[in-house]
Structures are given as C-alpha cells and as structure tokens.
Amino acid sequence: MEITELSEQEILRRESMNKLREMGIDPYPAAEYKVTATAAEIRQGFTPEAPNFQDAAIAGRIMSRRIMGSAAFFELQDHTGRIQVYIKRDDVGVEMYNTVFKKLLDIGDIVGIKGFAFITNMGELSVHCRELTVLSKSLRPLPIVKEKDGQVFDAFSDPEQRYRMRYVDLIVNPQVREVFLKRSKIIATMRRFFDERGYVEVETPILQPIPGGAAARPFITHHNTLDIPLYLRIANELYLKRLIVGGFDGVYEFAKDFRNEGMDRTHNPEFTVMEIYVAYKDYRWMMEFTEQMIETVARELHDGSTTVRIGDREIDFRAPFRRLSMTDAIREKTGFDITGKSEEELRTACREMGIETDATMGKGKLIDAIFGEKCEEDLIQPTFITDYPIEMSPLCKRHRDNPDLTERFELFVNGKELCNAYSELNDPVDQLERFQDQLRLSEKGDDEAMFIDMDFVRALEYGMPTCSGMGIGIDRLTMFMTDQASIQDVLFFPQMRPEKKVVRDEPEAYAALGVPAEWVAVLQKMGYVTAASLGGLAPGKLFNDLCGFNKKNKLGLKNPSADEVKGWIEAAQ
C-alpha cells in the first residue's frame with residue numbers, strides 16, 4: 001500500500017505484524033484458543049480466602065497498559081467487560097516480554113492469557129499472566145478515550161462515525177453493548193410470552209408479488225427468471241392471516257419489513273416488527289393481551305419494576321392502560337367532532353386548524369392528519385386510542401355498535417405510536433370493496449394506497465374465523481425500554497448516506513506554493529489534503545513534524561529548510 005493510503009500508526013502496526021511473522025509468531029493463528037473464564041466470572045466469583053481461578057485462560061483486547069521496566073499491567077477487555085492483567089518478564093520470557101509485548105503489541109490487539117487470579121498490593125483484582133498468546137494484530141488504532149479531572153477527551157461520540165463503524169463503537173463504548181443485549185432480552189421475553197400460550201412462530205415471504213397489509217410506499221425489484229416485478233414486504237399481515245384461514249389457532253412472526261419512505265430519529269427504511277394473529281379473539285381481548293405482554297417486558301428489563309425513564313419523563317407500563325376513542329381524543333383536544341363529517345368538511349376543518357393537506361388525501365388521511373397534529377404528542381402515559389373511522393382502516397372489521405367505525409386500537413407512549421391492532425376483517429365481500437376504495441385513492445395520486453390482493457380475498461372466501469391481530473415495532477419498543485432518543489441507537493447497522501470521499505488537491509496546487517513533488521504525498525498523509533490547509537500553520541511546528549515523519553518512516557527524503565516551509569505557508573495564506 002502506498003504511503004498516501006496509510007497513517008503513521010498504520011504503517012508502524014504493519015511493520016510490527018511483519019516482525020512478528022519474522023519471529024515465527026503468526027499474528028492471526030487458526031487454532032482454537034480454549035477460554036476457561038471471562039472477566040465477569042473472575043470479578044464475580046474470585047475468593048482470595050480460598051483462591052480459585054488459579055489455572056484460568058481468558059482472551060480479549062488490550063485496552064490500556066502501564067509498563068514498569070521488567071513488569072507491566074494492562075487492561076484486557078472481553079465480551080463481559082475489563083479486567084487487569086499483570087505480566088512479568090521472568091514469567092513469559094525475555095523475548096516475549098521485551099520484544100513482543102513491549103515493542104510489537106499495541107492497544108487494540110487481541111491476546112490470550114493463561115494464569116491465575118490474585119489481589120494486588122493496591123487491592124485490585126488481577127490476573128497474573130504465565131503465558132501470553134498473540135491472537136489477532138490490530139492494524140488500525142482505536143480511538144482512545146482519555147479522562148482528566150472529571151473531563152472526557154477524544155470520546156468516540158460523533159453519531160455518524162458511531163453508526164457507520166458500529167464495530168468500533170461497541171469496542172470503546174461499553175454502554176452501547178448493553179442496549180443491544182436488552183433488545184435481545186425484549187425479543188426473548190416476548191417469544192416466551194407467546195410460546196407459553198401455545199402460539200406458533202412462523203416465517204412468511206419477504207419478496208412479495210403484491211405489497212399488502214399496510215399503506216406504505218414499497219421498494220421494488222425484479223425477478224429475472226420469472227420476469228416479474230417483486231416488492232420487499234411492507235407488512236406480513238396478509239400472509240399470517242392466510243395461516244389462520246388454514247387452521248392455525250395463533251401465529252406470530254418477528255419480521256424485517258421495508259418501506260421506501262423518509263428517515264428520521266424514529267424511522268428507518270428497514271425495521272423490525274412483530275405481528276401476531278389469534279383466532280376467535282377480538283380487539284378488546286387483544287388490548288388486555290398487549291398490555292400484559294408489555295408489562296411483562298418492562299418488569300423483565302427493569303428488575304421487576306414497571307416504571308421506565310424516557311428522557312425526563314417517567315412512564316409506568318403497569319396494566320391496565322388508559323382507553324380513549326379517536327373521536328373523543330380529537331374532540332378533547334380541538335373541540336371538533338369528526339362524526340359523520342364529509343371529506344370537504346374535514347378539509348375545511350384542517351385548513352381552519354392550520355393543518356396542511358393536499359388533493360390526494362381522502363377522509364382517512366385527513367382525520368389522521370388532525371389526530372397526528374393535535375393529539376399524538378400529548379399521549380405520554382400508555383394509552384390505547386380505539387374505534388378508528390372506517391376510512392382509516394381498510395383491513396379492519398366494522399365496529400359492532402357503529403358501522404362508521406372500526407374495531408381497532410393503537411397504543412401510544414411518550415407521544416409516539418407503539419403498536420396497532422384490529423378485530424380482523426373476515427368478510428370477503430366487504431374486504432374487496434375496501435380494496436377497491438384504496439384503488440380509487442391510488443388513482444387520485446396516493447402512492448401509499450393499498451394494492452388489491454385478489455388471492456387474499458380468495459382465501460377469505462374459504463372462511464377465516466373471528467380473529468384479532470396486533471403489530472408492534474421492536475425498534476421503537478427498544479427505544480422506550482432503553483431510553484434511547486434515536487432509532488439509530490437501537491439498530492446495529494442503520495441505513496446511512498454514502499460516506500463522503502475526501503477531496504484531495506492535485507500535486508499542481510502544492511507546486512504553486514513551492515512544495516517539491518516528493519513532499520506532496522507526505523503532507524497529504526499528515527492530513528493536509530488541500531494546499532489551502534497549509535495556510536495559517538505554525539512554520540516551526542510543521543518543519544519539525546515533516547522532519548520527524550521523514551525519519552520515523554525511513555523515507556530517505558532531503559528535509560526542506562525551515563525557511564522553505566515558512567514560504568509554503570505564506571504562499572497558502
């Protein structure tokens with residue numbers, strides 16, 4: 001690799017890697033390294049009175065070290081945390097200590113340690129190293145967080161870098177790992193909750209000929225062999241309900257769904273949802289089922305407590321949750337009654353409330369706009385919003401007491417929707433008519449209107465029992481349960497814009513300042529990737545840095561004079 005592609009640290013680490021090989025030490029050995037203990041196990045289980053862990057093997061990353069002549073301490077980090085290691089020249093050998101450990105190993109390298117646990121004279125639990133094994137040489141330096149007088153320096157905290165290089169984030173920010181461990185625990189708790197009640201976990205297609213089950217813009221691809229367009233699923237609802245038709249009593253799926261829509265702190269185009277459908281139930285039963293499940297999750301994650309802090313608010317997930325109809329919620333906040341209102345009356349009301357609309361919006365989207373603008377943000381404690389107008393719910397059963405409404409609820413927490421549930425529509429004639437209504441919206445220009453899925457209508461014609469279904473966003477639930485403000489903080493690898501490439505000046509731009517051609521690559525490697533970046537630098541410091549870089553990397557270049565360097569800087573100003 002050319003010098004312009006590597007930093008000084010990266011060059012030195014590659015040299016160390018090559019020297020290890022010259023010594024007969026493989027920096028990336030293939031053999032299994034048998035680990036017998038973790039940092040956490042030693043911390044929690046060591047008893048100095050009756051010493052245990054006297055023949056332990058641990059492995060992890062070197063995160064810091066203090067060398068004191070013929071002995072040293074370093075911190076080893078494994079997947080459970082950090083522990084101090086004491087290493088001594090007389091124990092591991094002169095070559096291993098003086099050459100390998102002191103000169104060829106770096107912060108970030110992965111090593112294996114065999115030794116025994118003990119308490120130092122300073123009272124700190126440590127592992128005394130008897131044998132050191134190189135397991136993986138790190139060729140890039142880690143961002144090392146420093147702390148002095150209570151202040152933190154050089155923290156790896158830039159969100160874009162953290163999300164783009166999650167592997168580094170996980171190494172240097174241990175609290176990030178805890179968020180994802182809790183996410184895994186949330187899913188495991190929900191899965192156990194469903195399994196204990198006899199419901200079956202299933203899988204449904206991600207590539208679908210018709211994107212159904214929600215009103216959203218899909219991602220489109222093409223199947224070459226079949227020569228047909230396919231869509232990444234926007235929901236798994238219609239396939240799960242086909243299984244209810246087929247005779248399953250209850251099915252659920254943790255699924256990746258995809259919607260080709262905007263990105264913000266609470267939305268990612270690829271997201272995880274859990275959907276469950278249970279035969280012979282209705283939305284009132286599902287409300288109780290949902291609040292019990294979420295209370296169970298909260299208690300599992302918070303040591304038996306149902307109270308969760310989200311930002312500066314305390315949210316109590318203890319069942320039962322408040323119930324409020326959509327009509328009452330809008331009337332409560334605006335004084336406007338949506339009951340029986342026409343599309344034009346709703347549009348006029350939006351205009352009077354200062355809510356933006358467009359010509360493609362039907363009654364359902366106009367009501368949704370009023371609710372979203374005026375009601376959502378005030379729903380802080382868990383609240384079920386129930387009985388939605390029929391125009392808003394094309395897959396939902398009409399309300400048994402009012403045919404203008406549907407048997408639907410959404411759960412709102414901290415001003416955000418968390419889950420959505422119905423008494424599922426099982427009338428095939430009614431379902432087809434509602435699909436056709438969606439088609440008319442599509443013809444008006446609504447690119448989120450649902451497609452007509454005739455196979456699903458055919459499935460209903462074979463008969464689907466009374467059924468209730470519920471979908472809950474796992475990403476948002478994790479945000480609430482772990483107090484994270486952004487969805488990117490609960491996704492290992494959130495969708496990002498392409499990484500911006502550094503624009504470097506051509507050598508001619510430096511030549512115009514008087515910089516010799518052989519020094520252009522050196523300046524750029526030192527971070528001065530444009531000629532203008534030399535302007536305003538301290539001439540003496542740049543001169544010393546250039547000479548030092550030349551010597552360290554054995555470039556063999558003739559050093560410029562201090563006056564020449566000063567001239568470059570003045571020309572760049």
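Structure notes:
- Selection status of Lys256, in contact (Cβ under 8 Å) with a residue 24 or more places away in the chain, among the charged types (D, E, K, R) and closer than 30 Å to Tyr231 by Cα: yes
- Residues of segment 187-229 classified as among the charged types (D, E, K, R) and in contact (Cβ under 8 Å) with a residue 60 or more places away in the chain, total: 2
- Just one residue in the set Leu181, Leu170 is within 15 Å of the chain's Cα centre (by Cα), among the aliphatic types (A, V, I, L, M) and over 29 Å from Ile276 (Cα atoms); that residue is Leu170.
- Answer residue from segment 305-328, given it is touching a Pro at 6+ places or on another chain (Cβ under 8 Å) and outside any helix (DSSP H, G or I) and is farthest from Ile186 (Cα to Cα) among those: Arg322
- Just one of the listed residues (Val490, Val457, Val503) is aliphatic (A, V, I, L, M) and touching a Pro at 6+ places or on another chain (Cβ under 7 Å), namely Val457.
- Scanning segment 163-173 for residues that are of a type in the set (Val, Ile, Thr) and either surrounded by 17 or more Cβ atoms within 10 Å (Cβ to Cβ) or in contact with a Ser or Thr (Cβ under 9 Å, 6 or more places away or on another chain) (or both) gives Ile171, Val172.
- Qualifying residue in segment 385-395 (condition: open to solvent by 20 Å² or more (accessible area, probe 1.4 Å), among the hydrophobic types (A, V, I, L, M, F, W, C) and within 14 Å of Ile338 (Cβ to Cβ)): yes
- Top-ranked residue of segment 252-282 - restricted to ones that are under 27 Å from the mean Cα position of the chain (by Cα), hydrophobic (A, V, I, L, M, F, W, C) and at pLDDT 95 or above, ranked as surrounded by the fewest Cβ atoms within 10 Å (Cβ to Cβ): Phe254
- In summary, Arg440 fulfils each of the numbered conditions (1) of a type in the set (D, E, K, R); (2) modelled with pLDDT of 95 or more; (3) out of contact with any helix residue (DSSP H, G or I) (no Cβ under 7 Å at 6 or more places or on another chain) with the single exception of condition (2).
- Segment 79-98, subset of a type in the set (A, V, I, L, M) and part of a helix (DSSP H, G or I), residue least open to solvent (accessible area, probe 1.4 Å): Val92
- Residue list for segment 295-340, restricted to those being closer than 23 Å to Asn420 by Cα and among the β-branched types (Val, Ile, Thr): Thr296, Val297, Thr306, Thr307, Val308, Ile310, Ile315, Thr327, Ile330, Ile338, Thr339
- Asp26, sole failed condition from (1) under 27 Å from Met96 (Cα atoms); (2) assigned to a helix (DSSP H, G or I): (2)
- When segment 34-78 is limited to residues that are in contact with a Lys or Arg (Cβ under 8 Å, 6 or more places away or on another chain) and in a loop (DSSP other than H, G, I, E, B), the one that is least open to solvent (accessible area, probe 1.4 Å) turns out to be Ser70.
- Residues of segment 99-149 that are buried (at least 19 other Cβ atoms within 10 Å of the Cβ), hydrophobic (A, V, I, L, M, F, W, C) and under 15 Å from Ala39 (Cβ atoms): Ile110, Val111, Ile113, Ala117, Val127, Cys129.
- Any pair with Cβ under 7 angstrom, 6 or more apart, that starts in segment 81-94 at a residue that is under 9 Å from Val127 (Cα atoms) and touching a residue at least 40 places away in the same chain (Cβ under 8 Å) and ends at one that is in a helix (DSSP H, G or I) and open to solvent by 40 Å² or more (accessible area, probe 1.4 Å): Ile83/Arg43
- Every listed requirement among (1) open to solvent by less than 10 Å² (accessible area, probe 1.4 Å); (2) modelled with pLDDT under 90 is met by Tyr510 save one, (2).
For every residue, the table says whether it meets (1) assigned to a loop (DSSP other than H, G, I, E, B); (2) open to solvent by 80 Å² or more (accessible area, probe 1.4 Å); (3) among the aliphatic types (A, V, I, L, M).
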| site | (1), (2), (3) |
| --- | --- |
| Phe156 | yes, no, no |
| Gln161 | no, no, no |
| Gln175 | no, yes, no |
| Leu181 | no, yes, yes |
| Ile186 | no, no, yes |
| Arg192 | no, yes, no |
| Pro205 | yes, no, no |
| Thr221 | no, no, no |
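- Scan of segment 523-557 for residues that are open to solvent by 40 Å² or more (accessible area, probe 1.4 Å), within 28 Å of Ser16 (Cβ to Cβ) and at pLDDT 85 or above, ordered by number: Tyr528, Lys541, Asn544, Asp545, Lys551, Leu555, Gly556, Leu557
- Against the test of being touching a strand residue (DSSP E or B) at 6+ places or on another chain (Cβ under 7 Å), surrounded by fewer than 20 Cβ atoms within 10 Å (Cβ to Cβ) and among the hydroxyl-bearing types (Ser, Thr, Tyr), the options Thr296, Thr307, Thr357 yield a single qualifying residue, Thr307.
- Of all residues in segment 329-354 being in a helix (DSSP H, G or I) and β-branched (Val, Ile, Thr), the one that is least open to solvent (accessible area, probe 1.4 Å): Ile330
- Under the condition of being assigned to a strand (DSSP E or B) and either on the phi > 0 side of the Ramachandran plot or open to solvent by less than 30 Å² (accessible area, probe 1.4 Å) (or both), the residues counted in segment 409-435 number 11.
- Qualifying residue in segment 443-454 (condition: open to solvent by 10 Å² or more (accessible area, probe 1.4 Å), part of a helix (DSSP H, G or I) and either modelled with pLDDT under 90 or touching a strand residue (DSSP E or B) at 6+ places or on another chain (Cβ under 6 Å) (or both)): yes
The values are calculated or read from the model by the stated rules, or taken from the named source; none is laboratory data. Just so we're clear, the structure is a prediction, and the values are computed from it rather than from any experiment. All Cβ positions, glycine included, derive from the backbone under ideal geometry; neighbour counts span all protein chains shown. Each accessible area value is taken on the protein alone, full model and side chains, heavy atoms only, with ligands, DNA and RNA left out. Shrake-Rupley method; radii C 1.70, N 1.55, O 1.52, S 1.80 Å.
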